[in-house]
Amino acid sequence: MSAVHSIHLLYTFSGFVVGLLVGVTGVGGGSLMTPLLILLFGVHPATAVGTDLLYAAVTKSAGSAVHSFNRTVDWRLVRRLAAGSVPATILTMAALSFLDITGPAARQLIGAVLAFALFLTAATLVFRNALTARYAARIADLPESRIALLTVAVGAMLGVLVSISSVGAGALGVTALLLLYPKLPAARIVGSDVVHAVPLAFVAGIGHWMVGSVDWPIFLALITGSIPGILIGSYFAIRVPENALRAVLAITLVVVAIKLTFGLLPPGPNLVAVQSPH
């Protein structure tokens, strides 16, 4: 078996494992795949983000179908999140287009935002119960119009973070929705977040493709494994106790944050990058 073939099998296996986690928890797309591509495979950060975004769009499309079939989607939440995330994504990608996406400035920007997003995600998940206990009553007293505006604002924040780092659509989105809608079951929160991530990742992924930061062979290898992974994970999402869902969310992000502490962006000059068409 050639080395290239072996590497592509590793990409496929990684896609399956991450797809499984996305299906069950709504977390794992950017939070795990982007660091995995950078750390394990040596992919350039910009290419890792762009490739992961298109991978996430296809992967979560399959998961969305399962969640819709299981009736674990609140379309009101999806519309509110998308109203903020899609415009923010378009504006962010327009700003990124003025940078050399494979240059040092873009690499530093992506690294900084990725680190921030991962630590924020880990912190919010670890302390989610404490946050909920402290703010649940206040949130419950807010008028529905205020909740709607806050949801749109969360969507806008996710649009910026996801466009730059590919992180946040799952982990931060789920955490924010759990705080804003504490009465909804966790599986329904996860399903709504997975569905919302599709247009967000698709728009951001197309933007990265236009600036030249997508590796298509890696993308194809990842989705080969991720689609069966997320189908299996989404099937079991409504069969996993809510406490288990919360534990998986927290453990997943803590592990990623620990990896970040040891250096998410090694300084080696041989990182794989896709050349910009410009």
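Taken together, the values in this text are just the output of simple stated rules run on the coordinates, not laboratory data. All values derive from a computational prediction rather than experimental measurement. Using ideal geometry, Cβ is built from the backbone for each residue, glycine included, and neighbour counts are taken over all protein chains shown.
Points worth noting:
- Cα centroid separation - the range 66-101 against the range 206-231, whole Å: 17
- In this structure, I232 and A112 have a Cβ-Cβ separation that, at R0 = 35 Å, corresponds to a calculated FRET efficiency of about 0.50.
- Under 5 Å between amide hydrogens, built in the peptide plane, is the criterion, and for V43 it picks out I38, V272 among residues at least 5 positions away or on other chains.
- Annotation: extensible slack from L142 through T224 equals 25.1 nm (criterion: 0.36 nm per residue apart, minus Cα-Cα distance).
- Loop trypsin sites (Lys or Arg not before Pro), the range 55-113, which have at most 14 other Cβ atoms in a 10 Å radius of their Cβ (DSSP): R71
- The ranking of F98, F16 from fewest to most other beta carbons within 10 Å of each one's beta carbon is F98, F16.
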